[in-house]
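K.L.:
Dumping the structure here so I can ask a few things about it.
No lab work stands behind these numbers, since they all come straight from the coordinates. Note that the coordinates shown come from a computational prediction; the quantities given were computed from them, not determined experimentally. All Cβ positions, glycine included, derive from the backbone under ideal geometry; neighbour counts span all protein chains shown.
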Amino acid sequence: MADATETAEPLLSAKNRKTFKDPFMVNNPITLQVLGICSALAVTAQLKPSLVMGIAVVFVVAGANVTISVIRKFIPVRVRIIVEMTVVATLVILVDQVLRAYAFEVSKQLSLFVGLIITNCIVLGRLEAFAMGNKVWPSFLDGLGNGLSYAAVIAIVGFCREVMGFGQVFGFRVVPQALYDNLGYTNNGLMVLAPGAFIILGLLIWVQRTVSGHVED
């Protein structure tokens, strides 16, 4: 009876919606769990590579969650980490090859950070904490929610850094030329460097933890 009840659960039940939405505010992987910080700092100098990196992580987290959920009952406990890493590595290689084939310039910008998705704590954390103990659909929603919440944060960081550091977005100028000519405005060089990313990310962490009421123990 329990299995029948679980199978009959609506795809967008309150529980499934909570699984998808929690990473955005209640348990964001970057601003609340402080995971995936390296890539959030390294690839966010501009918005375009930030978005591509975000999409790559969404694909890998959701895909790995689904795969591990499907085969979880056949994975020996002693080698589960090896199996999980193999699944993640396969998906990351697939993403890397697609980028090299269809977005080579962006691939060069992201450099080795696409490969480092394999060691991203967000990915392995969701496999261990969720996919190993849940069915396919909830695991997909969990991976999708965590991936999108990660992507949203690095997109915000990338947008702010590109606007303040370069005065443009996607190569199009958004800071009026009149500011440069008449007011002597200059781009903020700090935003192009890693400390700029630290500052913006720190502000995002402060804002989200304040809004969500998160308090450290």
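K.L.:
Could you pull out which residues in region 142-172 have an amide N less than 11 Å from a spot 7 Å beyond the Cα of ILE199, following the Cα-Cβ vector?
P.N.:
Output list for this probe position: 161, 164-165.
K.L.:
To continue, here is another question. Return P(r) of region 78-147 (all Cα-Cα pairs; 10 Å bins starting at 0; whole %; ordered from short to long distances).
P.N.:
Using 10 Å bins, I get a P(r) of 19, 44, 28, 8, 0 for region 78-147.
K.L.:
Now for a separate question. Among (i) 74, 42, 31; (ii) 76, 38, 38; (iii) 51, 40, 31, which one is Cα extents along the principal axes in Å computed from these coordinates?
P.N.:
The listed entry that was calculated here is (i).
K.L.:
Tell me the label-point distance for the pair ILE37, THR119, using the 7 Å Cα-to-Cβ offset, in nm and rounded to one decimal.
P.N.:
The modelled label-to-label distance comes out at 1.6 nm.
K.L.:
Could you state the principal axis extents of the C-alpha atoms in region 7-112, from the largest down, to the nearest angstrom?
P.N.:
46, 32, 25
K.L.:
With the crude spin-label approximation of a point 7 Å out along Cα→Cβ, what separation in nm comes out for LYS108 versus LEU183?
P.N.:
Placing both labels 7 Å beyond Cα along the Cβ direction yields 3.5 nm.
K.L.:
Please compute the length gained on full extension between VAL79 and VAL174, using 0.36 nm multiplied by the number of residues separating them and subtracting their Cα-Cα distance.
P.N.:
Gain on stretching VAL79 to VAL174: 29.1 nm.
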